[in-house]
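*Asks:* Please see the structure below; I have some questions.
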């Protein structure tokens, strides 16, 4: 459970249930090695390869998936080339492009969804890299396997398509892409994953990518040594191997998410169906959003005002346990006025 003093933190999409107990055991076992430089992350890459049925040469790890995102931008986008990103998506894509002076084109969401057809309208000879958050952060919506496959078949293989699946472990929709299957047919596909979400290791900063070995090799050539610390590597392996905790987190999340979504919609809030561990609400006026935020804060529930990410009149709520979701609904029914 994520609590700071008496405040329940539902603002950063962390796993409400923490991390696997096996992680704590591994961290304790590695504490006597913190004076040493970390070993190569090959054991972690091998563990990831086994988990996802690929080869270690198809895997890259980094200090959070943002470092892999940055590597993709630096290695594959040249001067005067362009990156395509959806509006109202993971802000790190545009932030990192901005830091490195890369040109961005934004596609509009289609009813909260990263519809690939919106990207087709923007592709030209300068397009080099495309980011698709799936499920999309912050809306929680997904694109299907068929939609992604059709899109990949329509575009040039010279354009690298990055599918950011940071929240994929929470998905229950059977239409969600089998990205690994698509990887066999599309050498320009990169799949990103994070240990910060369902695995509960946000504080250790670990992410990984799976792609064609040639793309991975190019990124590795520019990667500095000691990318991950000793504790992080072993904690990630422990988390990866604990299927019980992963399924426990997924099931608890789904029960609480369904309750929260159904009741928020019934009350009358604007909300998208979510396949992640959060829900996204939008408001007609800023004062409505502020009222929503402040009511929950008064009751020691901290949610995310998306204004901090440049998105106006919207709120994102990380899914807590069912007790917390029931408290949110109770408070809003009693105090929120439209």
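Just so it is clear, none of the values below were taken in a lab; they were calculated from the coordinates. What you are looking at is a predicted structure, and each value in this text was computed from that prediction instead of being measured. So basically every Cβ, Gly included, is an ideal-geometry build from the backbone, and we count neighbours across all protein chains shown.
*Asks:* Starting from the Cα-Cα distance between residue 121 and residue 103, subtract it from 0.36 nm times their residue separation and give me the gain in nm to one decimal.
*Replies:* Details: separation 18, 0.36 × 18 = 6.48 nm, distance 1.65 nm.
Gain on extension, residue 121 to residue 103, equals 4.8 nm.
*Asks:* Using DSSP, restrict attention to beta bridges with both residues in region 21-241 and report what percent are antiparallel, rounded to the nearest 5.
*Replies:* Working: 10 of 27 bridges.
Antiparallel bridges make up about 35 percent of those DSSP assigns within region 21-241.
*Asks:* May I pose another question? How long, wide and thick is the chain, going by the Cα atoms along their three principal axes, in whole angstroms, largest first?
*Replies:* 57, 54, 36
*Asks:* If the elastic network links every pair of Cα atoms under 10 Å, which of 66, 54, 171 fluctuates the most in the Gaussian network model of the chain?
*Replies:* Its mean-square fluctuation being the largest, the pick is 54.
*Asks:* Remind me, relative contact order of the chain in percent, using alpha carbon pairs under 8 angstrom and six or more residues apart?
*Replies:* Numbers: 625 pairs, mean separation 81.2, N = 338.
With pairs under 8 Å counted, the relative contact order is 24 percent.
*Asks:* I've got another one for you. Could you work out how much longer the chain between residue 6 and residue 80 gets when fully extended? Use 0.36 nm per residue separation minus the Cα distance between them, nm to one decimal. Numbers along the way, then the final one.
*Replies:* On the way: separation 74, 0.36 × 74 = 26.64 nm, distance 5.02 nm.
Extending this stretch completely gives an extra 21.6 nm.
*Asks:* Let me ask something additional. What distance in nm lies between label points placed 7 Å from Cα along the C-beta direction at residue 243 and residue 153?
*Replies:* 3.3 nm
*Asks:* Moving on. As a test of the definition: which semi-axes, in Å, follow for region 233-303 when you take the square root of five times each eigenvalue of its alpha carbon gyration tensor? Largest first, please.
*Replies:* Details: eigenvalues 195, 46, 23 Å².
So the three semi-axes of region 233-303 are 31, 15, 11 Å.
*Asks:* Hey, another quick one. Determine the calculated [θ] at 222 nm for the chain from helices alone, applying -39500 (n - 2.57) to every DSSP H run no shorter than 4 residues and normalising by the residue count; nearest 500 deg cm²/dmol.
*Replies:* On the way: 12 runs with 134 residues, N = 338.
It comes out at -12000 deg cm²/dmol, rounded to the nearest 500.
*Asks:* How large are Rg and Dmax for region 109-172 when calculated on the C-alpha trace, in angstrom?
*Replies:* Considering region 109-172 through its Cα atoms, Rg and Dmax are 11.8, 37 Å.
*Asks:* Between residue 31 and residue 297, what's the calculated FRET efficiency when r is the beta-carbon distance and R0 is 45 Å? Round to 0.05.
*Replies:* Working: r = 37 Å, r/R0 = 0.82.
Taking R0 as 45 Å, the efficiency between residue 31 and residue 297 is 0.75.
*Asks:* Right, here's the next one. Please report, in whole Å, how far the alpha carbons of region 157-206 spread along each principal axis, starting with the longest.
*Replies:* Cα extents, longest axis first: 36, 26, 13 Å.
*Asks:* Could I ask something else about it? Based on alpha-carbon centroids, what's the gap between region 306-338 and region 81-151 in Å, whole number please?
*Replies:* Between the Cα centre of region 306-338 and that of region 81-151, the gap is 27 Å.
*Asks:* Taking the convex hull of the alpha carbon atoms in region 1-123, what volume per residue do you get, in Å³? If you can, show how the numbers build up before the last one.
*Replies:* Values: hull volume 25.6 nm³, N = 123.
Here the figure is 208 Å³ per residue.
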